[in-house]
Amino acid sequence: MESLWWRTYENSCKLESILYNNFLKSQKKVADPSKPNKFLSTITKNLINLDIKPKIKKQLTDIITKEKDLDFILFMNIPLNHITGIPSELKTEFGIPCLYYDGDMPTILPKYAMSRGFKFDYYVNSDLSEYDAFFVNSKGVIEDLKEAGAKNVTPLYYAADADLFAPVNVEQTIDVSFYGHGSELREEWMTNMITNPSKRLPDVNFSVGGGNFGIDMGNAKLIGPVPYSAFREFCCKSKINLNITRWSHTNIYASATARPFELAAYGACIVSQPYKGIEEWFEVGKEIIVVNNEDEAVETYEWLLSSDEERLKIGERARQRILKEHTYRHRAKKIIEVCKSCN
């Protein structure tokens with residue numbers, strides 16, 4: 001992506017990526033953790049070892065030579081088993097620390113890959129010990145990664161750009177809103193927080209953006225996809241914004257998603273399902289409201305919709321928490337801090 005803040009280089013394996021993904025899509029293949037070698041056949045291994053790895057290694061070597069004076073190399077969500085050995089070689093040749101960031105935890109781990117429909121498991125035959133530091137969006141998977149060989153594992157949660165994600169002054173015409181794509185792994189809480197409450201509260205306006213919901217949405221108004229440029233207005237027009245996250249995140253301690261941080265940055269009044277570890281980021285009851293069942297959801301909506309002042313206070317406290325601890329500047333500082341300890 002072109003930017004004012006960094007230089008960009010083409011993906012040297014773009015063609016291979018397109019062809020491989022089209023093949024997997026045509027075959028309707030998903031990863032099966034019980035058959036780890038299924039997606040690392042002899043043909044696939046040869047493609048990785050004879051084509052992909054040499055291309056990536058050459059491109060990185062050329063970039064390092066051209067740019068000079070790099071402080072560290074940060075691999076972000078690149079398939080680990082496609083680059084096995086490269087970090088060790090780069091550290092030997094150039095003495096530059098290599099770090100890795102995986103923001104798809106915990107669902108990218110082998111035991112969740114099939115339930116999420118991922119096409120292949122990129123932790124098979126990988127070497128996590130090659131990296132001087134390993135960043136993840138989930139605190140609850142740290143021990144799993146250490147057992148797999150990762151060292152210096154550090155939580156690097158999602159956050160928000162507080163300049164981009166800022167409140168906008170619009171009339172609040174939506175009572176309760178939710179935005180998401182797919183009901184998979186969150187059917188229970190969409191039912192508890194949208195479907196049934198919308199039937200029990202006929203005078204409350206529920207609006208749901210996104211799509212691919214395979215469940216009854218009750219009396220909620222389905223508005224379809226919202227363009228990114230209009231997302232802020234959609235959230236700010238809502239008196240209450242719902243945080244409904246897939247159980248694979250909410251059941252593993254402090255597994256961050258972007259939603260609560262971005263909503264909080266808007267100064268939204270957020271109502272969330274139970275979420276293990278959410279107290280790592282927000283003070284429950286003051287900066288975010290958590291409901292434990294359908295009845296609590298209904299009672300909470302009635303309470304918040306009756307008090308503009310209370311909603312504004314919760315939203316403002318949430319935004320102040322973002323400004324204090326959860327901007328991407330904070331995350332960048334954490335990366336630099338960890339990187340310095342690697343030298």
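Here is how the numbers come out for the structure above:
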| read-out | value |
| --- | --- |
| Net charge dipole size for region 39-155 [Lys, Arg +1 and Asp, Glu -1 on Cβ; Debye, nearest 20] | 320 |
| Paramagnetic reach from residue 62 in region 79-111 [backbone N under 18 Å; point 7 Å along Cα→Cβ] | 90 |
| Percent carbon-and-sulfur accessible area, the chain, ignoring ligands, DNA and RNA, probe 1.4 Å | 52 |
| Normalised contact order of the chain, rounded percent, pairs of Cα under 8 Å and 6 or more residues apart | 15 |
| Rounded to 5, percent antiparallel among DSSP beta bridges of the chain | 5 |
| Inter-part distance where region 151-166 and region 174-226 are each reduced to a Cα centre, Å | 27 |
| Global geometry of region 174-326, whether rounded, prolate or oblate, following the gyration tensor of its Cα atoms and the 1.5 cut on a/c | rounded |
| Whichever lysines have a C-alpha closer than 18 Å to that of residue 237, once near sequence neighbours (fewer than 8 apart) are set aside | 221, 313 |
| log10 of Debye I(q)/I(0), alpha-carbon scatterers only, for the chain at 0.10, 0.11, 0.15 Å⁻¹ | -0.70, -0.83, -1.31 |
| For residue 326, solvent-accessible area (1.4 Å; no DNA, RNA or ligand), Å² | 10 |
| Cβ-Cβ FRET estimate between residue 70 and residue 199, R0 fixed at 51 Å, reported to 0.05 | 0.35 |
| Accessible-area value, residue 316, 1.4 Å probe, nucleic acids and ligands omitted, Å² | 90 |
| Gain in span if fully extended, residue 152 to residue 44, counting 0.36 nm per residue against the direct Cα distance | 35.8 nm |
| Karplus-derived HN-Hα couplings along region 181-190 (A = 6.51, B = -1.76, C = 1.60, θ = phi - 60°), whole Hz, x at Gly and Pro | 10, x, 9, 4, 6, 9, 4, 4, 7, 5 |
| Solvent-accessible area per residue for region 39-155 (1.4 angstrom probe, square angstrom) | 45 |
| Of 155, 88, 273, farthest towards positive along the dipole that unit charges on Lys, Arg, Asp, Glu beta carbons give the chain | 88 |
| Candidate aspartates and glutamates for bridging to residue 199, where Cα separation is under 19 Å - those fewer than 8 sequence places away on the same chain excluded | 175, 187, 188, 216, 294, 295, 296, 299, 302 |
| Inter-site label distance for residue 51 and residue 11 at 7 Å from Cα along Cβ, in nm | 1.5 |
| Modelled FRET efficiency - R0 41 Å, residue 129 with residue 215, Cβ distances, 0.05 increments | 0.45 |
| In Hz, Karplus ³J(HN,Hα) per residue of region 150-166 (6.51, -1.76, 1.60; θ = phi - 60°; x = Gly, Pro) | 5, 10, 6, 7, 10, x, 10, 6, 5, 7, 8, 7, 5, 7, 6, 9, 10 |
| Backbone HN-Hα couplings from phi across region 289-296 [Karplus 6.51/-1.76/1.60, Hz, Gly and Pro as x] | 9, 10, 10, 9, 6, 4, 4, 5 |
| Cα-Cα over 28 Å, subset of 25/139; 66/333; 57/276 | 25/139; 57/276 |
| Where labels lie 7 Å past Cα in the beta-carbon direction, separation of residue 276 and residue 320 in nm | 3.2 |
| Only Lys, Arg (+1) and Asp, Glu (-1) charged, at Cβ; the chain dipole about Cα centre in debye | 1000 |
| Between region 298-343 and region 63-113, the Cα center-to-center distance that results, in Å | 29 |
| In Å², nearest 10: area of residue 246 left accessible to a 1.4 Å probe | 40 |
| Aspartates and glutamates whose Cα lies under 12 Å from that of residue 334, excluding same-chain neighbours fewer than 8 positions away | 325 |
| Equivalent-ellipsoid semi-axes of region 39-155, from the Cα gyration tensor, Å, largest first | 24, 19, 11 |
| Student exercise, region 97-207 dipole from Lys, Arg, Asp, Glu Cβ charges, in Debye to nearest 20 | 320 |
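The values are calculated or read from the model by the stated rules, or taken from the named source; none is laboratory data. Everything numeric in this text was worked out from a predicted model, so none of it was measured. Counting neighbours? That spans all protein chains shown, and the Cβs are built from the backbone with ideal geometry, glycine included. All accessible areas refer to the heavy atoms of the entire protein, side chains included, with ligands and DNA or RNA removed. Shrake-Rupley method; radii C 1.70, N 1.55, O 1.52, S 1.80 Å.
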